[in-house]
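> One structure, pasted below without further comment.
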Amino acid sequence: MKKDVLHIIRENLPGFSKGQKRIAEYILSDYDKAAFMTASKLGSLTAVSESTVVRFAAVLGYDGYPAMQKALQEIVHSKLTSIQRIQASNDRLFSADVVTSTLQMDMDKIRLAIEEVDRTVFAEVVDRLLAARHIYILGVRSSSFLAGYLHFYLHLIFENVTLVTSNSAGDILESILRIGPGDVLVGISFPRYSQSTVKGVQFAHDRGADVVAITDSPMSPLYQLASSVLLARSDMISFVDSLVAPFSLLNALIVAAGHRKDADIAQTFDRLEGIWNDYGVFDPSEEG
């Protein structure tokens, strides 16, 4: 399993210089604060120069200080309690207009997703969905909204889609009891990762099903269990999950799958329009 930055620091601590040890000790004790500091600020707090902080990141094997900072932030997002997240984010959110700050942070997550989503893996996921004997979609807590959204649209594209709606590990395992080779489980989980989802994904993996993980990082417990992984950042804004990038990623997945099933979708909506008209489901005078 990939080692996180704190593990790397602990392993290399004995060989650090005095200045590097001060940086290391500060990060190990206050990584939640260090993760959002500039190199200059971290250097000031540990009585070293900014260039020493940058070199420290290089010693750890990172391409620069931003790469090390990103690795620290991944740990923060997965390990901090809600109270710690509120404290860590308050300065960033409320030092300016909260609307601008929040929307800007969401925009940043989408830009990161554009850069980081592996297009080969994305195409592989679409192929897995198209070839699946049965598709199961699993996400609990805030990820249940992502799972429900994905199910709503995949249900219009495919006939063989099941949304697992329970939050209980026992009920989840019962819902996917018959999963096996040829099936696909789409597991969706973001920090703090739900053990119910992890257990469901583990079961599907053990039964020989293909697992598609929608998650945030290689540090995610779903990462090692999945046949294919699509990553989108969900960095916490205060105590709130930022699900903008995951939703956009799911939109791309739905559009790509739908494009491959254009003829079927056209028939589906033609039937639906007829049913809606026959049963007066929608008032034609109403919009939206």
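The values are calculated or read from the model by the stated rules, or taken from the named source; none is laboratory data. Keep in mind that this is a model prediction, so the values were computed, not measured. Ideal geometry is used to build each Cβ from the backbone, glycine not excepted, and the neighbour counts take in all protein chains shown. Heads up: the accessible areas ignore ligands, DNA and RNA and are worked out on the full protein's heavy atoms, side chains in. Shrake-Rupley method; radii C 1.70, N 1.55, O 1.52, S 1.80 Å.
> Before we move on, is residue 232 touching a residue at least 60 places away in the same chain (Cβ under 8 Å) and more than 16 Å from residue 124 (Cβ to Cβ)?
yes
> Within the range 192-215, can you find the residues that are open to solvent by 10 Å² or more (accessible area, probe 1.4 Å) and under 27 Å from residue 6 (Cα atoms)?
192, 193, 194, 195, 196, 198, 199, 202 - these are the residues of the range 192-215 that are open to solvent by 10 Å² or more (accessible area, probe 1.4 Å) and under 27 Å from residue 6 (Cα atoms).
> Could you grab me the full set of residues in the range 84-131 that are within 19 Å of residue 241 (Cβ to Cβ), modelled with pLDDT of 75 or more and of a type in the set (D, E, K, R)?
Selection gives 106, 108, 109, 111, 116.
> Could you grab me the full set of residues in the range 224-255 that are of a type in the set (Phe, Trp, Tyr) and modelled with pLDDT of 90 or more?
247
> To continue, here is another question. What pairs come out if I take residues in the range 26-49 that are more than 14 Å from residue 65 (Cα to Cα) and of a type in the set (A, V, I, L, M, F, W, C) and pair them with residues that are in a helix (DSSP H, G or I) and open to solvent by less than 50 Å² (accessible area, probe 1.4 Å) whose C-beta lies under 7 Å away, six or more apart or interchain?
Cβ pairs passing all conditions: 28/6; 28/9; 45/26; 48/19; 48/23.
> Which residue out of 175, 168, 144 is open to solvent by 20 Å² or more (accessible area, probe 1.4 Å), of a type outside the set (Val, Ile, Thr), more than 14 Å from the chain's Cα centre (by Cα) and within 23 Å of residue 241 (Cβ to Cβ)?
Going through 175, 168, 144 in turn, the sole match is 168.
> Take the range 149-164 and flag every residue that is under 19 Å from the mean Cα position of the chain (by Cα) and either more than 23 Å from residue 208 (Cβ to Cβ) or of a type outside the set (A, V, I, L, M, F, W, C) (or both).
Within the range 149-164, 149, 151 meet the criteria.
> Can you tell me how many residues within the range 256-271 are of a type in the set (A, V, I, L, M, F, W, C), under 14 Å from residue 155 (Cα atoms) and at pLDDT 85 or above?
Total satisfying the criteria: 1.
> Within the range 1-51, which residues are surrounded by 19 or more Cβ atoms within 10 Å (Cβ to Cβ) and polar (S, T, N, Q)?
Selection gives 20, 46.
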